[in-house]
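Novice: Before I ask anything, let me first share the structure, which is written out below as structure tokens.
The values are calculated or read from the model by the stated rules, or taken from the named source; none is laboratory data. Just so it is clear, the model here is predicted, and its values are computed rather than measured. Counting neighbours? That spans all protein chains shown, and the Cβs are built from the backbone with ideal geometry, glycine included. Heavy atoms of the whole protein, side chains included, go into the accessibility calculation; ligands, DNA and RNA do not. Shrake-Rupley method; radii C 1.70, N 1.55, O 1.52, S 1.80 Å.
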Amino acid sequence: MTKIVVDGIEVDVPPEYTLLQACELAGAEIPRFCFHERLSIAGNCRMCLVELKGAPKPVASCAWGVRDCRPGPNGEPPTVITKSPMVRKAREGVMEFLLINHPLDCPICDQGGECDLQDQAMAYGADTTRFHENKRAVHDKYIGPLVKTSMNRCIHCTRCIRFVAEVAGVPDLGATGRGEDMEITTYLEHAMGSELQANVADLCPVGALTHKPQAFNVRPWELSKTPSVDVMDAVGSSIRVDARGKEVMRVLPRVNEAVNEEWISDKTRQHVDGLRLQRLDRPFIRENGRLRPASWNEAFGVVAARLTGVPGDRIGAVAGDLAAVEEMFALKLLMESLGSANIDCRQDGSALSPAHGRASYLFNPGIVGIEDADAILIVGANPRLEASILNARIRKRWRTAPLPIGLIGPQVDLTYPYEHLGAGPDTLGELVAGRHGFNKALDKAAKPLVIVGAGATARPDGVAILAAVAKLASAIGAVKSGWNGLGVLHTAASRVGGLDIGFVPGEGGLAASAMAAAGALDVLFNLGADEIEVAPGAFVIYQGTHGDRGAHRADVILPGAAYTEKSGTYVNTEGRVQMANRAVFPPGDAREDWAILRALSDVLGKRLPFDSLAALRRELYGRHPHLARLDEVAPAESENLLSGLTGLAGEAGREPFAAAVRDFYLTNPIARASRVMAECSALARPAAVLQAAE
């Protein structure tokens, strides 16, 4: 630690700190535009000038290291002053320079109210200027459907360039020209190709980059702000849902160092118009092949009449990818009361099961644990499309110190270099036998990480693949005291929660794929499962939010609430328990899912043992206590993990692993209802086709 005096306050800081970090540790506020804690240092804006005793002029605190400061003549600690007249005059001069070409369009700027330049101009701006030249004019650039450009406002902080190059790993943006001719552009003015591109609008300290779908729609002071959690994938990014009245207007990231840092994916951010479109806002029943609106009593009556006399083994339930733990728990209790063991939350046919232990289906090292790995093997997964934020964490680890990364599966662009080992189980078998060249990297690693995706587990031979992965993990020492490097990467927000509460077939019960087959069941409860095809024959009760595939197949539709319209528990891929909070109310006659099931149980004469959400959660926590510990990862028992998995029976096939997510933007009914996501999908499709051809 190094001693340094900031405004008369002596603090101890690590020598690798910058002066800006040391000043903030001492409680001083340092203005900045180009500096960002998660990006490389550029030193462009000079707004962070401070006075360093002994220096002939103010220094840029973001680019000056504590270790570079000289002690005083008698060995005194370096002294920094952040509030001297010289510092204030220097900052006012920098602000005057920044405003030479900046247009005075604050009243119409979409960044107004959330603009760093606007805030700092209040503190350091002057009411006159010494410059009388005409302001420069820059043409706005097209960089895609998500980010709107007003490049007259750009102050060349280069945060956007550094983000796409360093964090996103898709260097679409760059600078051309010098001086007043410098412009930030995509060179050929094409759409950016990253799944994290909209974060550049959050980073922009002025109004040069703003969110295009929200342009001219809302001002920040009109919004109510609700902390929540993302359900577009299984990472569970921390988000803030901003709503005006009954309508969700935007989704922004919340800082969560353990999960998403301060980034979110484009799908997480810009699916919000899908929350309004194609919504189911009243019950429907099918008559003469056509769906017609009905009342709740009428819909419940049809369900009760159809269930009369049906034995339990002819009734089943499938939960979808966006279902919260509470409604799955309520549906499980209802199915138990009906005498049915046919329940499943794995509509993709995954082989993962709580019977093998909780550690067998979690991302055991944790998302933060990726930064500790020194070799990574990815089996049957494409983290860039299945979990963009987790993929950015892998890239962060690779940038810190390049490490060997191997991939078994389709050859794709993961934004970091890797070795493509093969396409399917044969390559995995070579690694298990120790005959592959990548074995050397895995054997030398102290903390190897094996990531298994749905492309490997959601196959008819998924159990055999799991057993092979466990044998490999055992051979390379991936699971040992102090380190569990076996990580299962899920694609569905509801999956881990469903497995935690045992929403899987009971003894003699049918799995989701078997329930969807012709003649398997008489009645099927479909709780928002829109990724599975149900064969003709069964009477389908669909409880969901959108007019998607499940609603088209339904005989009765019970309109539920989206994740922004209810309070619900979700468990992310690493086992972290999180809570989504209600930001708005469901539209029309739609109701919260647990309340629908509770009301239906009354009509069926199988009354569930709760009358409120609080009572439901007491029942839930009584059976599964770890779900009461929010934002915690309950430790999974891993002592017998490998021995249990390696003993699984089955023989792996020879078919190559297929992609679990083919279209990043259209993975669930909310995203498929979004016009913005449809436009992004159309732009991404030609690039995907070209990549597949290569």
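Novice: How many nm is it between the label spots at Met122 and Asp105, if each spot is 7 Å from the Cα in line with the beta carbon?
Specialist: 2.3
Novice: If you don't mind, another one. Given charges of +1 on the Cβ of Lys and Arg and -1 on the Cβ of Asp and Glu, with all other atoms neutral, how large is the dipole of the chain about its Cα centre, in debye to the nearest 20? Intermediate results must be reported in sequence, preceding the final value.
Specialist: Values: 74 positive and 83 negative charges, 94 e Å.
Roughly 440 debye, rounded to the nearest 20.
Novice: Also: Using a 10 Å cut-off on Cβ atoms, rank the peptides 313-319, 5-11 from the highest mean neighbour count down.
Specialist: Result, highest mean first: 313-319, 5-11.
Novice: Another question, if that's okay. Towards the positive end of the charge dipole of the stretch 359-444, with charges on Cβ (+1 Lys, Arg; -1 Asp, Glu), say which of Ile376, Ala359, Leu390 has the farthest Cα.
Specialist: Of the options given, the answer is Leu390.
Novice: Ok, one more. So if I restrict to the alpha-carbon atoms in the stretch 488-633, what is the Rg, and what is Dmax, the biggest pairwise distance, in Å?
Specialist: Every Cα atom of the stretch 488-633 included, Rg and Dmax give 16.0, 44 Å.
Novice: Right, next: Can you work out the PRE-style zone for Ser40? Point 7 Å along Cα to Cβ, and I want the residues of the stretch 378-393 with backbone N under 17 Å.
Specialist: Backbone N within reach: none found.
Novice: Something else now. Which order do peptides 527-536, 178-187, 415-424, 483-492 fall in by mean Cβ count within 10 Å, highest first? Spell out each step's value before the answer.
Specialist: Values: 527-536: 20.7, 178-187: 13.8, 415-424: 17.4, 483-492: 25.8.
Those peptides, ordered most packed to least, come out 483-492, 527-536, 415-424, 178-187.
Novice: Now for a different question. Taking all protein chains as present, what is the carbon and sulfur share of the accessible area of the stretch 263-339, in % to the nearest whole number, probe 1.4 Å? Mind dumping the intermediate values first?
Specialist: Details: 1340 of 2810 Å².
The value for the stretch 263-339 is 48 percent carbon and sulfur by accessible area.
Novice: Here's another thing I want to ask about it. Excluding ligands, DNA and RNA, what is the solvent-accessible area per residue of the chain at a probe of 1.4 Å, expressed in Å²?
Specialist: I get 41 Å² per residue for this part.
Novice: So who's got an amide H within less than 5 Å of the one on His546, skipping anything under 5 residues away but keeping other chains? H placed 1.01 Å off N, in plane.
Specialist: Sorted by chain and number, the residues that satisfy this are Leu280.
Novice: Give me the Debye-computed log₁₀ of I(q)/I(0) at q = 0.17 Å⁻¹ for the stretch 144-231, equal point scatterers on Cα only, no solvent, two decimals.
Specialist: -0.76
Novice: Can you tell me the FRET efficiency between Leu188 and Asp7 if r is taken as the Cβ-Cβ distance and R0 is 41 Å, rounded to the nearest 0.05?
Specialist: Working: r = 49 Å, r/R0 = 1.19.
After rounding to 0.05, the efficiency reads 0.25.
Novice: Taking each pair of distinct Cα atoms in the stretch 43-198 once, what is the resulting Kirkwood hydrodynamic radius in Å?
Specialist: On the way: mean 1/r = 0.0553 Å⁻¹.
About 18.1 Å, per the Kirkwood formula over Cα pairs.
Novice: Shifting gears a bit: Could you tell me the ratio Rg/Rh of the chain? Both radii from Cα atoms, Rh via Kirkwood.
Specialist: Working: Rg = 27.9 Å, Rh = 27.5 Å.
My calculation puts Rg/Rh at 1.01.
Novice: Give the calculated FRET efficiency between Ala535 and Ser224 to the nearest 0.05, with a Förster radius of 56 Å applied to their Cβ-Cβ distance. Walk me through the intermediate numbers first.
Specialist: Working: r = 44 Å, r/R0 = 0.79.
Efficiency, from the Cβ-Cβ distance: 0.80.
Novice: If you don't mind, another one. Give me the percent of the accessible area of the stretch 345-420 that comes from carbon and sulfur atoms, probe 1.4 Å, all protein chains in place.
Specialist: 50
Novice: Let me ask something else about it. For an R0 of 41 angstrom, estimate the FRET efficiency from the Cβ-Cβ distance between Arg654 and Tyr621 and round to the nearest 0.05. Display every interim value, and only then the final one.
Specialist: Values: r = 46 Å, r/R0 = 1.11.
About 0.35, to the nearest 0.05.
Novice: While we're here: Distances longer than 11 Å among the Cα atoms of the stretch 197-239: what percent of all pairs is that? Mind showing how you got there, number by number?
Specialist: On the way: 680 of 903 pairs.
Everything past 11 Å amounts to 75 percent.
Novice: Ok, one more. Can you give me the Cα centroid spacing of the stretch 308-383 and the stretch 605-632 in angstrom?
Specialist: One Cα centre to the other: 18 Å.
Novice: Related question: Can you pull the percent of the stretch 187-234's accessible area that's carbon plus sulfur, 1.4 Å probe, other chains left in place? Numbers along the way, then the final one.
Specialist: On the way: 960 of 1720 Å².
Looking at the stretch 187-234 in its full context, I get 56 percent from C and S.
Novice: Now a separate question. Quick one: if you stick a label point 7 Å off each Cα along the C-beta vector at Glu166 and Ala304, how many nm between them?
Specialist: 6.3
Novice: Counting helices only, and only those DSSP H runs with n ≥ 4, report the 222 nm mean residue ellipticity of the chain as the sum of -39,500 (n - 2.57) divided by its residues, in deg cm²/dmol to the nearest 500. Each step should come with its number before you reach the end.
Specialist: Details: 22 runs with 187 residues, N = 694.
Calculated mean residue ellipticity at 222 nm is -7500 deg cm²/dmol.
Novice: List, in order, the whole-Hz ³J(HN,Hα) value for each residue of the stretch 374-387 obtained from phi through the Karplus relation with A = 6.51, B = -1.76, C = 1.60 and θ = phi - 60°; use x for Gly and Pro.
Specialist: Those phi angles translate into 10, 6, 10, 10, 10, 10, x, 9, 10, x, 5, 9, 8, 7 Hz.
Novice: What nm distance separates the two modelled labels at Val603 and Ala258, each placed 7 Å from Cα along Cα→Cβ?
Specialist: 4.1
Novice: Whole percent per 10 Å bin, from 0 to the bin with the longest distance: what is P(r) over all C-alpha pairs of the stretch 365-497?
Specialist: Spelled out bin by bin, the stretch 365-497 gives 13, 49, 35, 3 percent.
Novice: In Å, what Kirkwood hydrodynamic radius results for the stretch 44-107 from the alpha-carbon pair distances? Spell out each step's value before the answer.
Specialist: On the way: mean 1/r = 0.0752 Å⁻¹.
About 13.3 Å, per the Kirkwood formula over Cα pairs.
Novice: If a paramagnetic tag sat 7 Å from the Cα of Ala446 along the Cα-Cβ line, which residues of the stretch 483-512 would have the backbone N under 13 Å from that point?
Specialist: 483
Novice: List, largest first, the extents of the alpha carbons of the stretch 71-110 along their principal axes, each in whole Å.
Specialist: Per principal axis, max minus min of the Cα coordinates gives 55, 19, 14 Å.
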